[in-house]
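Engineer: Below are the structure tokens for one structure; questions will follow.
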């Protein structure tokens, strides 16, 4: 089931600012306290893999997001077809779903969350996924407070991911306090906002 599709710029992570076509699926197996896409928990429309591939035929970069896109029965088929067509596919996944079935290609970027305590979902994470991430991928932590920050730092230090690691504030806009903390701790991670919210606020379809 598809919640929405739209063309915009990537608002998060290391592809921030890139022209991207978004395919947002319906449904999620988590219920984060600060979720900003609750509208994608239900509703939507059925679209086939072929329809989606045709929809994005003129786009080079696709973001497959949700909800949790890997819950969709035809998720891997869609990822495989889009990447085989030469498109860059960014998969936004919540960190609770095993990644072993995702094709290992240079033009498939896994953007995986690790949920911090403020989300209420930190005990749902599949930490073995971190070892499956490649240098081309990214690991993201959304941080609400000092408890979240200390938790994120502990995970970062324990697992030493080889991919880019990104810290962002809950809500994606009040970035100064988190930036100051990262500077003070001399952490070699990226601190990024949610660019789409800075530009358009909490608007859908951007």
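None of the figures in this text is laboratory data; all of them are computed from the coordinates on show. Keep in mind the model is a prediction, meaning the values are calculated, not measured. No Cβ is skipped: glycine too gets one built from the backbone with ideal geometry, and neighbour counts run over all protein chains shown.
Engineer: Per DSSP helix of 4 or more residues, -39500 (n - 2.57); summed, then divided by the residues of the chain. What does that give at 222 nm, rounded to the nearest 500?
Structural biologist: -6500 deg cm²/dmol
Engineer: Using R₀ = 22 Å, calculate the FRET efficiency as 1/(1 + (r/R₀)^6) where r is the Cβ-Cβ separation of residue 38 and residue 145; round to 0.05.
Structural biologist: 0.55
Engineer: Rounded if a/c is under 1.5, else prolate if a/b is larger than b/c, else oblate: which is segment 142-189, with a ≥ b ≥ c the root eigenvalues of its Cα gyration tensor?
Structural biologist: prolate
Engineer: What is the helix-to-structure angle for 75-84, meaning the angle in degrees between its Cα long axis and the longest Cα principal axis of the chain, kept from 0 to 90 and rounded to the nearest 10?
Structural biologist: Taking Cα atoms only, the helix is inclined about 80 degrees.
Engineer: Quick check: pseudo-label points 7 Å beyond the Cα along Cα→Cβ at residue 106 and residue 19, how many nm apart are they?
Structural biologist: Spacing of the two 7 Å Cα→Cβ label points: 2.3 nm.
Engineer: Going by how many other Cβ atoms sit within 10 Å of their own, how do 189, 206 line up, fewest first?
Structural biologist: With the sparsest Cβ surroundings first, the list reads 206, 189.
Engineer: Moving to a separate point now. Against the longest alpha carbon principal axis of the chain, how many degrees, from 0 to 90 and to the nearest 10, is the axis of helix 176-185 turned?
Structural biologist: That helix lies at roughly 60 degrees to the long axis.
Engineer: If I take every Cα pair under 8 Å that is 6 or more residues apart in segment 90-206, average their sequence separation and divide by the length, what percent do I get for the relative contact order?
Structural biologist: 20
Engineer: Determine, for 181, 92, 106, the number of other Cβ atoms within 10 Å of each Cβ, and report the residues in order from fewest to most.
Structural biologist: 106, 181, 92
Engineer: So if we plug the beta-carbon distance of residue 179 and residue 128 into 1/(1 + (r/R0)^6) with R0 = 41 Å, what FRET efficiency do we get, rounded to 0.05?
Structural biologist: 0.85
Engineer: Here's something else I'd like to know. With N residues in the chain, what two-decimal value do you get for its Cα radius of gyration over 2.2 N^0.38 Å? Could the numbers behind the result be given before it?
Structural biologist: Numbers: Rg = 16.2 Å, N = 206, 2.2 N^0.38 = 16.7 Å.
Dividing the Cα Rg of the chain by 2.2 N^0.38 Å gives 0.97.
Engineer: Between residue 6 and residue 51, what is the label-to-label distance in nm when each label sits 7 Å out along the Cα-to-Cβ direction?
Structural biologist: Roughly 2.0 nm, to one decimal.
Engineer: With a cut-off of 8 Å between alpha carbons and a minimum separation of six or more residues, what is the relative contact order of segment 9-81 in percent?
Structural biologist: That works out to 41 percent.
Engineer: Could you work out the relative contact order of the chain, using alpha carbon pairs under 8 angstrom and six or more residues apart, expressed as a whole percent?
Structural biologist: Values: 401 pairs, mean separation 38.8, N = 206.
Computed value for the chain: 19 percent relative contact order.
Engineer: By DSSP, what percent of the beta bridges with both residues in the chain are antiparallel, rounded to the nearest 5? Mind dumping the intermediate values first?
Structural biologist: On the way: 8 of 32 bridges.
In the chain, approximately 25 percent of DSSP beta bridges are antiparallel ones.
Engineer: Then there's this: Measure off 7 Å from each Cα along the Cα-to-Cβ vector at residue 81 and residue 157, then give the distance between these two points in nanometres to one decimal.
Structural biologist: Going from the residue 81 label point to the residue 157 one covers 4.7 nm.
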